[in-house]
């Protein structure tokens with residue numbers, strides 16, 4: 001028996017005795033599909049509760065700032081039951097497609113456009129882990145790290 005035959009026997013034993021669950025394989029395939037090779041990663045720089053003006057009713061929320069070389073993404077997340085609304089802006093101002101990725105959304109997620117001032121709003125985002133992808137009109141792609149909303 002050579003090394004290849006031995007490894008094939010070990011692999012077969014694991015496939016029979018302790019197979020990888022289909023949900024784990026599906027999650028792995030989805031993670032690879034969500035990969036954006038040419039994108040710049042914007043990492044969290046600040047996470048704080050949103051401030052509510054005195055005398056104004058409103059739900060709880062968060063303000064998050066993501067930074068990457070040359071750009072900043074600022075978002076405010078407000079809660080409405082199990083859904084979230086994301087209002088944000090790109091600094092410096094830039095227009096482009098904004099995509100929200102989430103496990104429970106279709107592969108293209110929820111999309112909207114950032115206007116020329118860099119402002120955008122994404123309603124109806126499910127609670128849970130999300131990542132934002134910005135495909136700017138100048139050809140730049142920015143991806144935020146995954147955060148729990």
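Values quoted throughout were computed directly from the atomic coordinates according to the rules given, and no laboratory measurement underlies them. The structure presented is a predicted model; accordingly, all values stated were derived computationally and were not measured. Cβ atoms come from the backbone with ideal geometry, glycine included; neighbour counts cover every protein chain shown.
Computed quantities for the displayed model
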read-out: Simple spin-label estimate for residue 79 and residue 121 in nanometres, 7 Å along Cα-Cβ; value: 2.2 nm
read-out: Ranking of 121, 68 by count of other Cβ atoms within 10 Å, fewest first; value: 121, 68
read-out: Principal-axis tilt of helix 22-33 within the chain, Cα atoms, nearest 10 degrees; value: 60 degrees
read-out: Per-residue [θ]222 nm for the chain (sum of -39500 (n - 2.57) over DSSP H runs n ≥ 4, rounded to 500); value: -6000 deg cm²/dmol
read-out: Nearest 10 degrees, 0 to 90: helix 3-17 Cα axis against the chain principal axis; value: 60 degrees
read-out: Equivalent-ellipsoid semi-axes of the range 40-148, from the Cα gyration tensor, Å, largest first; value: 22, 17, 13
